[in-house]
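For reference, the structure is listed below as C-alpha coordinates.
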Amino acid sequence: MKNIVAFAAVHVAAVLALIITFGTISVVRNNGITADTTNSQQTENEIFTGELERNITLRVLENNTAKERGYLKELLDAFNEEYAEYGIVAVDANIDQYNDLEQSGPFGYGPDVLYQANDAIMKYVDGHHILPLPTDKIDCREYVSENAWAAYTTIDSDRSYTFGVPVNVQQPLLFYRDDLLPENWEQEWDDDKNGVPDMIENWSDLYYYSRQVKEESGGARYGYMQSLCDSYFSLGYLLTYGAYVFGGEDGKDTYDIGIDNADSYKGARIIRQLSSVMNMECTQFTISDNRYSRLASGTYFATMTTPDVYTMFISEMIKAGYTEEYAREHVKMVDVPSLPVSGDLEDTSQGFMDMTVMGGVNAYAISSYTKYPNASLAFVNFATGYEMIKKRCEMLGISPARKDIVEELGGLDKTISDNLDSGSIYLMPSVRATTQIWSPLETFFSLIAGDILDNRNVYATDEQLRNGLSDVNKQIYDSIHTLAG
(Lines give C-alpha, C1' and ligand atoms only; values in the text may rest on other atoms or scores of the structure.)
Protein backbone atom coordinates (compact mmCIF):
# COMPACT_ATOMS: atom_id res chain seq x y z
CA MET A 1 0.00 0.00 0.00
CA LYS A 2 2.57 2.51 -1.10
CA ASN A 3 2.24 5.75 -2.96
CA ILE A 4 5.37 7.63 -2.02
CA VAL A 5 5.05 10.03 -4.91
CA ALA A 6 1.57 11.08 -3.85
CA PHE A 7 2.69 11.48 -0.26
CA ALA A 8 5.67 13.60 -1.26
CA ALA A 9 3.45 15.88 -3.33
CA VAL A 10 1.12 16.44 -0.43
CA HIS A 11 4.05 17.06 1.91
CA VAL A 12 5.66 19.62 -0.38
CA ALA A 13 2.32 21.36 -0.86
CA ALA A 14 1.86 21.59 2.89
CA VAL A 15 5.28 23.15 3.39
CA LEU A 16 4.75 25.62 0.54
CA ALA A 17 1.42 26.59 2.05
CA LEU A 18 3.21 27.08 5.34
CA ILE A 19 5.68 29.44 3.75
CA ILE A 20 2.89 31.44 2.11
CA THR A 21 0.94 31.57 5.35
CA PHE A 22 3.72 32.87 7.55
CA GLY A 23 5.60 34.92 5.01
CA THR A 24 9.26 34.10 4.88
CA ILE A 25 9.61 31.95 7.96
CA SER A 26 12.34 30.57 10.11
CA VAL A 27 14.72 28.08 8.60
CA VAL A 28 16.53 26.67 11.61
CA ARG A 29 19.69 24.70 12.05
CA ASN A 30 18.73 21.11 12.67
CA ASN A 31 19.74 17.60 11.63
CA GLY A 32 22.85 18.94 9.94
CA ILE A 33 20.96 21.31 7.61
CA THR A 34 22.23 24.86 7.44
CA ALA A 35 19.78 27.71 7.75
CA ASP A 36 19.11 30.18 4.99
CA THR A 37 20.37 33.29 6.80
CA THR A 38 18.27 35.70 4.74
CA ASN A 39 15.05 33.89 5.57
CA SER A 40 16.10 33.50 9.18
CA GLN A 41 16.79 37.23 9.50
CA GLN A 42 13.47 38.13 7.91
CA THR A 43 11.68 35.83 10.31
CA GLU A 44 13.30 37.50 13.29
CA ASN A 45 12.01 40.80 11.98
CA GLU A 46 8.54 39.56 11.12
CA ILE A 47 7.62 37.01 13.79
CA PHE A 48 10.21 36.53 16.54
CA THR A 49 11.73 39.99 16.67
CA GLY A 50 13.12 39.59 20.18
CA GLU A 51 11.14 42.61 21.32
CA LEU A 52 8.92 41.41 24.17
CA GLU A 53 5.27 42.39 24.16
CA ARG A 54 4.51 44.23 27.41
CA ASN A 55 1.67 44.24 29.92
CA ILE A 56 0.11 41.09 28.55
CA THR A 57 -1.19 37.75 29.82
CA LEU A 58 0.04 34.43 28.41
CA ARG A 59 -2.22 31.39 28.65
CA VAL A 60 -0.23 28.18 29.16
CA LEU A 61 -1.64 24.70 28.61
CA GLU A 62 0.06 22.04 30.75
CA ASN A 63 -0.82 18.46 31.62
CA ASN A 64 -2.93 17.48 34.60
CA THR A 65 -0.06 15.89 36.51
CA ALA A 66 1.96 19.11 36.42
CA LYS A 67 -1.03 20.98 37.79
CA GLU A 68 -1.98 18.43 40.42
CA ARG A 69 1.58 18.05 41.77
CA GLY A 70 2.16 21.79 41.93
CA TYR A 71 4.81 22.04 39.24
CA LEU A 72 2.84 24.38 36.98
CA LYS A 73 2.41 26.86 39.84
CA GLU A 74 6.15 26.74 40.54
CA LEU A 75 6.88 27.37 36.86
CA LEU A 76 4.39 30.21 36.49
CA ASP A 77 5.53 31.90 39.71
CA ALA A 78 9.19 31.71 38.71
CA PHE A 79 8.57 33.01 35.19
CA ASN A 80 6.31 35.83 36.36
CA GLU A 81 8.92 36.97 38.85
CA GLU A 82 11.62 36.90 36.15
CA TYR A 83 9.53 38.92 33.68
CA ALA A 84 7.63 41.18 36.09
CA GLU A 85 9.40 44.30 34.79
CA TYR A 86 7.81 43.73 31.38
CA GLY A 87 4.31 43.31 32.75
CA ILE A 88 4.16 39.77 31.35
CA VAL A 89 2.01 37.39 33.37
CA ALA A 90 1.75 33.69 32.50
CA VAL A 91 -1.36 31.87 33.76
CA ASP A 92 -2.86 28.41 33.60
CA ALA A 93 -4.95 28.25 30.42
CA ASN A 94 -7.44 26.32 32.57
CA ILE A 95 -8.56 24.05 29.76
CA ASP A 96 -8.37 20.30 29.28
CA GLN A 97 -4.87 18.92 28.74
CA TYR A 98 -6.07 17.35 25.49
CA ASN A 99 -7.54 20.61 24.19
CA ASP A 100 -7.76 20.67 20.40
CA LEU A 101 -5.99 23.84 19.24
CA GLU A 102 -7.45 23.39 15.78
CA GLN A 103 -10.92 23.92 17.23
CA SER A 104 -10.22 26.45 19.99
CA GLY A 105 -7.43 28.53 18.44
CA PRO A 106 -9.31 30.29 15.63
CA PHE A 107 -11.99 31.44 18.07
CA GLY A 108 -9.57 32.83 20.63
CA TYR A 109 -10.09 30.12 23.25
CA GLY A 110 -6.82 28.30 22.79
CA PRO A 111 -3.57 28.70 24.71
CA ASP A 112 -0.60 30.79 23.64
CA VAL A 113 1.82 28.05 24.70
CA LEU A 114 0.97 24.35 24.85
CA TYR A 115 2.71 21.30 26.26
CA GLN A 116 1.81 17.99 24.62
CA ALA A 117 3.32 14.89 23.01
CA ASN A 118 4.81 14.99 19.52
CA ASP A 119 1.91 13.22 17.81
CA ALA A 120 -0.53 15.73 19.33
CA ILE A 121 1.52 18.82 18.55
CA MET A 122 2.65 17.89 15.07
CA LYS A 123 -0.87 17.21 13.82
CA TYR A 124 -1.28 21.00 13.94
CA VAL A 125 1.40 21.60 11.31
CA ASP A 126 -0.83 20.83 8.33
CA GLY A 127 -3.39 23.43 9.35
CA HIS A 128 -0.74 26.00 10.29
CA HIS A 129 -2.01 26.08 13.88
CA ILE A 130 1.47 26.24 15.45
CA LEU A 131 4.47 28.40 14.66
CA PRO A 132 7.82 27.16 13.36
CA LEU A 133 10.39 28.11 15.98
CA PRO A 134 13.82 29.75 15.75
CA THR A 135 15.70 27.08 17.69
CA ASP A 136 18.91 29.09 17.49
CA LYS A 137 17.23 31.39 20.04
CA ILE A 138 16.50 28.50 22.43
CA ASP A 139 19.13 28.05 25.13
CA CYS A 140 18.70 24.26 25.42
CA ARG A 141 19.35 23.72 21.70
CA GLU A 142 22.77 22.11 22.11
CA TYR A 143 21.75 19.96 25.08
CA VAL A 144 18.86 18.10 23.43
CA SER A 145 19.57 15.06 21.24
CA GLU A 146 18.90 15.17 17.52
CA ASN A 147 16.42 12.29 17.81
CA ALA A 148 14.32 14.37 20.19
CA TRP A 149 14.43 17.41 17.89
CA ALA A 150 13.59 15.17 14.94
CA ALA A 151 10.19 14.40 16.49
CA TYR A 152 9.27 18.06 15.92
CA THR A 153 10.96 18.64 12.60
CA THR A 154 9.70 18.60 9.05
CA ILE A 155 12.13 18.79 6.17
CA ASP A 156 11.52 19.97 2.62
CA SER A 157 14.53 19.80 0.32
CA ASP A 158 17.30 21.63 2.17
CA ARG A 159 15.00 23.44 4.59
CA SER A 160 14.14 22.31 8.08
CA TYR A 161 11.25 23.57 10.21
CA THR A 162 11.00 22.84 13.94
CA PHE A 163 7.73 23.25 15.81
CA GLY A 164 8.42 22.20 19.39
CA VAL A 165 11.11 22.41 22.07
CA PRO A 166 11.56 18.97 23.71
CA VAL A 167 11.03 18.68 27.46
CA ASN A 168 10.99 14.99 28.28
CA VAL A 169 11.17 11.56 26.70
CA GLN A 170 8.29 9.15 27.23
CA GLN A 171 8.53 5.39 27.11
CA PRO A 172 6.69 2.64 28.96
CA LEU A 173 8.44 1.43 32.11
CA LEU A 174 7.70 -1.40 34.50
CA PHE A 175 6.57 -0.13 37.92
CA TYR A 176 6.63 -2.62 40.79
CA ARG A 177 6.89 -2.85 44.57
CA ASP A 178 10.01 -4.62 45.69
CA ASP A 179 8.54 -5.14 49.18
CA LEU A 180 5.97 -7.45 47.56
CA LEU A 181 8.60 -9.76 46.11
CA PRO A 182 8.46 -13.30 47.53
CA GLU A 183 10.85 -13.79 50.44
CA ASN A 184 12.61 -16.59 48.61
CA TRP A 185 13.07 -14.74 45.33
CA GLU A 186 16.87 -14.96 45.52
CA GLN A 187 16.64 -18.75 45.63
CA GLU A 188 13.62 -19.34 43.38
CA TRP A 189 13.44 -16.31 41.08
CA ASP A 190 17.03 -15.45 40.19
CA ASP A 191 18.19 -18.20 37.88
CA ASP A 192 21.21 -16.31 36.58
CA LYS A 193 22.20 -15.24 40.13
CA ASN A 194 22.76 -11.64 39.11
CA GLY A 195 20.92 -10.22 42.10
CA VAL A 196 17.96 -9.06 40.02
CA PRO A 197 14.56 -10.81 40.27
CA ASP A 198 13.80 -12.74 37.08
CA MET A 199 10.22 -11.42 36.97
CA ILE A 200 11.40 -7.88 36.30
CA GLU A 201 13.98 -8.96 33.73
CA ASN A 202 11.86 -10.92 31.27
CA TRP A 203 8.17 -11.24 30.43
CA SER A 204 8.15 -15.03 30.68
CA ASP A 205 9.06 -15.07 34.35
CA LEU A 206 6.71 -12.16 35.07
CA TYR A 207 3.97 -14.19 33.39
CA TYR A 208 4.71 -17.30 35.49
CA TYR A 209 4.95 -15.28 38.69
CA SER A 210 1.69 -13.48 37.93
CA ARG A 211 -0.05 -16.80 37.37
CA GLN A 212 1.26 -18.02 40.72
CA VAL A 213 0.05 -14.90 42.57
CA LYS A 214 -3.40 -15.10 40.99
CA GLU A 215 -3.82 -18.79 41.75
CA GLU A 216 -2.53 -18.63 45.32
CA SER A 217 -4.73 -15.65 46.19
CA GLY A 218 -7.81 -16.96 44.44
CA GLY A 219 -7.92 -13.83 42.28
CA ALA A 220 -7.65 -11.42 45.23
CA ARG A 221 -4.19 -10.32 44.17
CA TYR A 222 -2.36 -10.14 40.85
CA GLY A 223 1.19 -10.01 39.66
CA TYR A 224 1.41 -7.93 36.48
CA MET A 225 -1.75 -5.99 35.63
CA GLN A 226 -2.30 -3.68 32.70
CA SER A 227 -5.08 -2.37 30.47
CA LEU A 228 -3.95 -4.48 27.53
CA CYS A 229 -6.41 -2.63 25.31
CA ASP A 230 -4.27 0.51 25.70
CA SER A 231 -2.70 0.59 22.25
CA TYR A 232 0.11 3.01 23.20
CA PHE A 233 1.54 0.41 25.58
CA SER A 234 0.56 -2.82 23.84
CA LEU A 235 1.76 -1.82 20.40
CA GLY A 236 5.32 -2.44 21.61
CA TYR A 237 4.74 -6.19 21.58
CA LEU A 238 3.99 -5.99 17.86
CA LEU A 239 6.85 -3.59 17.12
CA THR A 240 9.35 -5.96 18.72
CA TYR A 241 8.49 -8.66 16.20
CA GLY A 242 8.62 -6.49 13.11
CA ALA A 243 5.54 -4.29 12.98
CA TYR A 244 5.77 -0.62 12.07
CA VAL A 245 3.20 2.14 11.89
CA PHE A 246 3.95 4.08 8.71
CA GLY A 247 6.66 3.34 6.17
CA GLY A 248 8.90 5.48 4.02
CA GLU A 249 12.37 6.74 4.84
CA ASP A 250 10.97 9.16 7.41
CA GLY A 251 8.30 6.82 8.81
CA LYS A 252 5.52 9.14 7.64
CA ASP A 253 4.23 7.38 4.51
CA THR A 254 0.61 6.80 5.48
CA TYR A 255 0.01 4.71 2.37
CA ASP A 256 2.39 2.11 3.77
CA ILE A 257 0.98 0.69 7.02
CA GLY A 258 2.82 -2.19 8.67
CA ILE A 259 0.85 -3.32 11.70
CA ASP A 260 0.76 -6.85 10.25
CA ASN A 261 4.37 -6.81 9.02
CA ALA A 262 6.79 -9.69 9.56
CA ASP A 263 6.12 -11.70 12.76
CA SER A 264 3.98 -9.10 14.51
CA TYR A 265 1.39 -11.82 15.21
CA LYS A 266 3.80 -13.13 17.85
CA GLY A 267 3.35 -9.91 19.78
CA ALA A 268 -0.41 -10.35 19.59
CA ARG A 269 0.00 -13.88 20.91
CA ILE A 270 1.93 -12.56 23.91
CA ILE A 271 -0.84 -10.05 24.71
CA ARG A 272 -3.30 -12.96 24.65
CA GLN A 273 -1.10 -15.00 26.97
CA LEU A 274 -0.64 -12.13 29.43
CA SER A 275 -4.40 -11.65 29.70
CA SER A 276 -4.76 -15.16 31.13
CA VAL A 277 -3.05 -14.09 34.37
CA MET A 278 -5.30 -11.01 34.71
CA ASN A 279 -9.08 -10.50 34.74
CA MET A 280 -11.57 -8.90 32.37
CA GLU A 281 -10.54 -5.44 33.53
CA CYS A 282 -7.53 -5.82 31.24
CA THR A 283 -9.88 -5.52 28.24
CA GLN A 284 -10.91 -2.03 29.37
CA PHE A 285 -9.17 1.08 30.70
CA THR A 286 -10.13 0.29 34.29
CA ILE A 287 -6.60 -0.70 35.26
CA SER A 288 -5.19 2.50 33.77
CA ASP A 289 -7.36 4.37 36.27
CA ASN A 290 -6.86 2.24 39.37
CA ARG A 291 -3.27 1.04 39.03
CA TYR A 292 -1.95 3.72 41.40
CA SER A 293 -4.22 2.84 44.30
CA ARG A 294 -4.08 -0.92 43.70
CA LEU A 295 -0.31 -0.99 43.60
CA ALA A 296 -0.43 0.97 46.87
CA SER A 297 -2.89 -1.50 48.42
CA GLY A 298 -0.79 -4.48 47.33
CA THR A 299 -3.50 -5.80 45.01
CA TYR A 300 -1.08 -5.43 42.08
CA PHE A 301 2.59 -6.28 42.18
CA ALA A 302 3.47 -4.53 38.92
CA THR A 303 2.08 -2.48 36.06
CA MET A 304 3.36 -0.48 33.10
CA THR A 305 3.14 3.24 32.46
CA THR A 306 5.34 6.26 31.74
CA PRO A 307 7.86 7.87 34.12
CA ASP A 308 6.06 11.21 34.37
CA VAL A 309 3.37 9.69 36.63
CA TYR A 310 5.76 8.22 39.21
CA THR A 311 4.60 10.71 41.82
CA MET A 312 1.02 9.45 41.42
CA PHE A 313 2.14 6.09 42.85
CA ILE A 314 3.92 7.83 45.71
CA SER A 315 0.83 9.88 46.49
CA GLU A 316 -1.36 6.76 46.64
CA MET A 317 1.15 4.96 48.85
CA ILE A 318 0.99 7.85 51.31
CA LYS A 319 -2.81 7.73 51.25
CA ALA A 320 -2.56 4.01 52.02
CA GLY A 321 -0.66 4.82 55.22
CA TYR A 322 2.96 4.55 54.15
CA THR A 323 5.51 7.30 54.67
CA GLU A 324 6.86 9.09 51.64
CA GLU A 325 10.32 7.76 52.43
CA TYR A 326 9.04 4.17 52.46
CA ALA A 327 7.08 4.70 49.26
CA ARG A 328 10.06 6.13 47.37
CA GLU A 329 12.25 3.30 48.62
CA HIS A 330 9.95 0.50 47.52
CA VAL A 331 8.11 1.73 44.40
CA LYS A 332 10.58 0.94 41.64
CA MET A 333 10.78 1.89 37.95
CA VAL A 334 12.80 -0.25 35.56
CA ASP A 335 13.13 -0.62 31.82
CA VAL A 336 10.61 -2.97 30.26
CA PRO A 337 11.46 -6.68 30.51
CA SER A 338 12.87 -8.58 27.56
CA LEU A 339 10.70 -10.75 25.33
CA PRO A 340 11.28 -14.36 24.27
CA VAL A 341 12.72 -14.66 20.78
CA SER A 342 10.17 -17.41 20.10
CA GLY A 343 7.23 -15.05 20.58
CA ASP A 344 5.78 -17.48 23.11
CA LEU A 345 5.97 -16.74 26.84
CA GLU A 346 6.12 -20.46 27.57
CA ASP A 347 9.01 -21.13 25.17
CA THR A 348 12.32 -19.58 26.26
CA SER A 349 14.52 -22.07 24.42
CA GLN A 350 15.75 -19.40 21.98
CA GLY A 351 16.56 -16.88 24.68
CA PHE A 352 15.36 -13.30 25.02
CA MET A 353 15.61 -10.04 23.12
CA ASP A 354 15.11 -6.41 24.04
CA MET A 355 11.59 -5.08 23.70
CA THR A 356 10.89 -2.20 21.33
CA VAL A 357 8.37 0.20 22.84
CA MET A 358 6.15 2.92 21.48
CA GLY A 359 7.30 6.23 22.87
CA GLY A 360 7.18 9.94 22.38
CA VAL A 361 8.75 13.26 23.16
CA ASN A 362 6.75 15.89 24.99
CA ALA A 363 7.48 19.49 24.18
CA TYR A 364 6.34 23.09 24.31
CA ALA A 365 4.92 24.66 21.16
CA ILE A 366 3.52 28.11 20.35
CA SER A 367 0.09 28.69 18.89
CA SER A 368 -0.15 30.50 15.56
CA TYR A 369 -3.08 32.40 17.05
CA THR A 370 -1.06 34.01 19.82
CA LYS A 371 -0.79 37.79 19.79
CA TYR A 372 2.42 37.55 21.76
CA PRO A 373 4.94 35.35 19.93
CA ASN A 374 8.01 36.91 21.55
CA ALA A 375 6.70 36.62 25.09
CA SER A 376 5.60 33.05 24.28
CA LEU A 377 9.08 32.22 23.04
CA ALA A 378 10.53 33.71 26.21
CA PHE A 379 8.27 31.44 28.26
CA VAL A 380 9.27 28.34 26.28
CA ASN A 381 12.93 29.24 26.67
CA PHE A 382 12.49 29.73 30.41
CA ALA A 383 10.47 26.53 30.88
CA THR A 384 13.06 24.42 29.04
CA GLY A 385 15.99 25.97 30.88
CA TYR A 386 18.21 23.96 33.20
CA GLU A 387 16.61 25.05 36.48
CA MET A 388 13.00 24.42 35.52
CA ILE A 389 13.66 21.07 33.82
CA LYS A 390 15.66 19.95 36.86
CA LYS A 391 12.76 20.95 39.10
CA ARG A 392 10.32 19.16 36.79
CA CYS A 393 12.40 16.01 37.20
CA GLU A 394 12.36 16.35 40.98
CA MET A 395 8.65 17.07 41.29
CA LEU A 396 7.20 14.86 38.54
CA GLY A 397 9.79 12.15 37.94
CA ILE A 398 10.07 12.83 34.22
CA SER A 399 12.95 11.62 32.10
CA PRO A 400 14.46 14.82 30.67
CA ALA A 401 15.32 15.46 27.04
CA ARG A 402 18.26 17.63 28.16
CA LYS A 403 21.45 15.56 27.97
CA ASP A 404 23.26 17.63 30.60
CA ILE A 405 20.63 16.75 33.19
CA VAL A 406 20.53 13.12 32.01
CA GLU A 407 24.26 12.84 32.66
CA GLU A 408 23.79 14.20 36.16
CA LEU A 409 20.92 11.86 36.99
CA GLY A 410 22.30 8.73 35.34
CA GLY A 411 20.51 5.45 36.12
CA LEU A 412 17.18 4.89 34.43
CA ASP A 413 17.17 8.35 32.85
CA LYS A 414 20.40 7.43 31.08
CA THR A 415 18.82 4.15 29.95
CA ILE A 416 15.82 5.97 28.48
CA SER A 417 18.07 8.47 26.73
CA ASP A 418 20.15 5.63 25.30
CA ASN A 419 16.96 3.82 24.20
CA LEU A 420 15.91 6.92 22.25
CA ASP A 421 19.30 7.18 20.58
CA SER A 422 19.45 3.46 19.74
CA GLY A 423 15.93 3.22 18.33
CA SER A 424 14.56 0.94 21.07
CA ILE A 425 11.97 3.66 21.51
CA TYR A 426 9.79 3.77 18.41
CA LEU A 427 8.61 7.38 18.31
CA MET A 428 4.98 8.00 17.50
CA PRO A 429 4.92 9.31 13.91
CA SER A 430 4.67 13.09 13.93
CA VAL A 431 1.82 13.25 11.43
CA ARG A 432 -1.91 13.91 11.77
CA ALA A 433 -2.80 10.41 10.61
CA THR A 434 -1.32 8.91 13.78
CA THR A 435 -4.61 9.74 15.51
CA GLN A 436 -6.28 7.11 13.32
CA ILE A 437 -4.22 4.15 14.54
CA TRP A 438 -5.34 4.05 18.18
CA SER A 439 -9.00 3.06 17.95
CA PRO A 440 -8.65 0.02 15.62
CA LEU A 441 -5.72 -1.25 17.69
CA GLU A 442 -7.61 -0.69 20.94
CA THR A 443 -10.54 -2.74 19.68
CA PHE A 444 -8.31 -5.58 18.48
CA PHE A 445 -6.21 -5.67 21.64
CA SER A 446 -9.37 -5.74 23.73
CA LEU A 447 -10.68 -8.69 21.72
CA ILE A 448 -7.53 -10.78 21.97
CA ALA A 449 -7.09 -9.92 25.67
CA GLY A 450 -10.57 -11.24 26.40
CA ASP A 451 -10.24 -14.22 24.09
CA ILE A 452 -9.00 -16.61 26.79
CA LEU A 453 -10.79 -15.02 29.72
CA ASP A 454 -14.25 -15.53 28.24
CA ASN A 455 -13.34 -18.80 26.50
CA ARG A 456 -14.14 -17.57 22.98
CA ASN A 457 -10.87 -18.73 21.42
CA VAL A 458 -11.49 -16.75 18.26
CA TYR A 459 -7.78 -15.88 18.14
CA ALA A 460 -6.33 -19.16 19.29
CA THR A 461 -4.12 -19.81 16.25
CA ASP A 462 -1.32 -17.88 14.59
CA GLU A 463 -3.35 -17.66 11.38
CA GLN A 464 -6.28 -16.12 13.23
CA LEU A 465 -3.97 -13.55 14.82
CA ARG A 466 -2.41 -12.74 11.43
CA ASN A 467 -5.82 -12.25 9.87
CA GLY A 468 -6.88 -10.04 12.77
CA LEU A 469 -3.84 -7.82 12.32
CA SER A 470 -4.46 -7.60 8.58
CA ASP A 471 -7.97 -6.40 9.34
CA VAL A 472 -6.54 -3.75 11.67
CA ASN A 473 -4.17 -2.65 8.91
CA LYS A 474 -7.09 -2.22 6.52
CA GLN A 475 -9.19 -0.35 9.08
CA ILE A 476 -6.40 2.13 9.68
CA TYR A 477 -5.79 2.60 5.96
CA ASP A 478 -9.49 3.15 5.29
CA SER A 479 -9.88 5.61 8.17
CA ILE A 480 -6.98 7.69 6.81
CA HIS A 481 -7.64 7.52 3.08
CA THR A 482 -10.87 5.84 1.94
CA LEU A 483 -13.32 7.03 4.59
CA ALA A 484 -11.73 10.46 4.89
CA GLY A 485 -11.95 10.90 1.14
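The values are calculated or read from the model by the stated rules, or taken from the named source; none is laboratory data. Source: prediction; values computed, not measured. Cβ placement follows ideal geometry from the backbone for every residue including glycine, while neighbour counts extend to all protein chains displayed. Each accessible area value is taken on the protein alone, full model and side chains, heavy atoms only, with ligands, DNA and RNA left out. Shrake-Rupley method; radii C 1.70, N 1.55, O 1.52, S 1.80 Å.
Sequence-distant contacts, meaning Cα pairs under 8 Å at least 6 residues apart, place the relative contact order of the chain at 24 percent. Projecting the Cα positions of 91, 419, 110 onto the charge dipole of the chain (unit charges on Cβ atoms of Lys, Arg, Asp and Glu, taken about the Cα centre) puts 110 furthest along the positive direction.
According to the calculation over all Cα-Cα pairs in the stretch 364-437, the P(r) per 10 Å bin from zero is 16, 32, 36, 15, 0 %. Residue by residue, the stretch 240-256 carries 3J(HN,Hα) couplings of 4, 9, x, 6, 9, 8, 10, x, x, 4, 9, x, 10, 7, 6, 8, 10 Hz when phi is fed to the Karplus relation 6.51 cos²θ - 1.76 cosθ + 1.60 (θ = phi - 60°); x denotes Gly or Pro. Amide H contacts of residue 202: 338, each under 5 Å away and 5 or more positions distant or on a separate chain (H built 1.01 Å from N in the peptide plane; Pro and chain starts excluded). Size descriptor for the stretch 107-262, Kirkwood hydrodynamic radius: 19.9 Å (Cα pairs only, one decimal). About its Cα centre, the stretch 184-303 has a charge dipole of approximately 500 debye under the convention of +1 per Lys or Arg Cβ and -1 per Asp or Glu Cβ, with nothing else charged. Pairs of alpha carbons in the chain separated by more than 38 Å make up 28% of all such pairs.
Ignoring any ligand, DNA or RNA, what whole percent of the accessible area of the stretch 101-178 comes from carbon and sulfur when the probe is 1.4 angstrom? List each step's numbers first, then the result.
On the way: 1000 of 2270 Å².
Result for the stretch 101-178: 44 percent of the exposed heavy-atom area is carbon or sulfur.
Tell me the carbon and sulfur percent of the accessible area for the stretch 230-291, rounded to whole percent, probe radius 1.4 Å. Within the stretch 230-291, the accessible surface is 42 percent carbon and sulfur. The label point for residue 320 and the one for residue 455, both projected 7 Å from the Cα toward the Cβ, are 3.3 nm apart.
Here the spin labels are modelled as points 7 Å beyond Cα on the Cα-Cβ line, and at residue 462 and residue 109 they lie 5.2 nm apart.
A Förster radius of 41 Å, combined with the Cβ-Cβ distance separating residue 347 from residue 409, puts the computed FRET efficiency at roughly 0.65. Here the chain carries DSSP beta bridges of which approximately 70% are antiparallel, counting only pairs with both residues inside. May I ask which residue of 219, 194, 166 lies farthest towards the positive end of the charge dipole of the stretch 161-223, with charges of +1 (Lys, Arg) and -1 (Asp, Glu) on Cβ and the Cα centre as origin? Value computed over the given set: 166.
Computed over the stretch 64-125, the alpha-carbon pair-distance distribution with 10 angstrom bins reads 19, 44, 33, 4, each value a whole percent.
For q = 0.15, 0.17, 0.30 Å⁻¹, what log10 I(q)/I(0) does the stretch 117-175 give under the Debye formula with an equal point scatterer on each alpha carbon and no solvent? Values, matching the q order: -0.48, -0.60, -1.43.
So what is the accessible area of the chain per residue, in Å², with the probe set to 1.4 Å?
40
Taking the radius of gyration and the Kirkwood hydrodynamic radius from Cα positions alone, what is the Rg/Rh ratio for the stretch 400-485, to two decimal places?
Working: Rg = 18.7 Å, Rh = 16.1 Å.
Using only Cα positions, Rg/Rh for the stretch 400-485 is 1.16.
If you take the alpha carbon atoms of the stretch 334-463 and fit the smallest convex hull around them, that volume is 185 Å³ per residue. Around the Cα centre of the stretch 308-392, unit charges on the Cβ atoms of Lys, Arg, Asp and Glu (plus for the first two, minus for the last two) sum to a dipole of about 740 debye.
Calculated FRET efficiency, residue 94 to residue 390, Cβ-Cβ distance, R0 = 35 Å: about 0.85 to the nearest 0.05.
Here the gap between residue 191 and residue 289, fully extended at 0.36 nm per residue and compared with their Cα-Cα distance, gives a gain of 31.9 nm. For the listed peptides 212-219, 55-62, a ranking on the average number of other beta carbons within 10 Å per residue, highest first, reads 55-62, 212-219.
Need one number for the stretch 203-273: average projected area of the convex hull over its C-alpha atoms, nm². Mind showing how you got there, number by number?
Numbers: hull surface 21.4 nm².
About 5.4 nm², averaged over all directions.
Rounded to the nearest 500, the 222 nm mean residue ellipticity of the chain from helices alone is -12500 deg cm²/dmol, with -39,500 (n - 2.57) taken per DSSP H run of at least 4 residues.
Using only the Cα atoms of the stretch 268-338, what semi-axes does the equivalent ellipsoid have when each is the square root of 5 times a gyration tensor eigenvalue? Give whole Å, largest first. Mind dumping the intermediate values first?
Values: eigenvalues 115, 38, 20 Å².
Computed over the stretch 268-338, the values are 24, 14, 10 Å.
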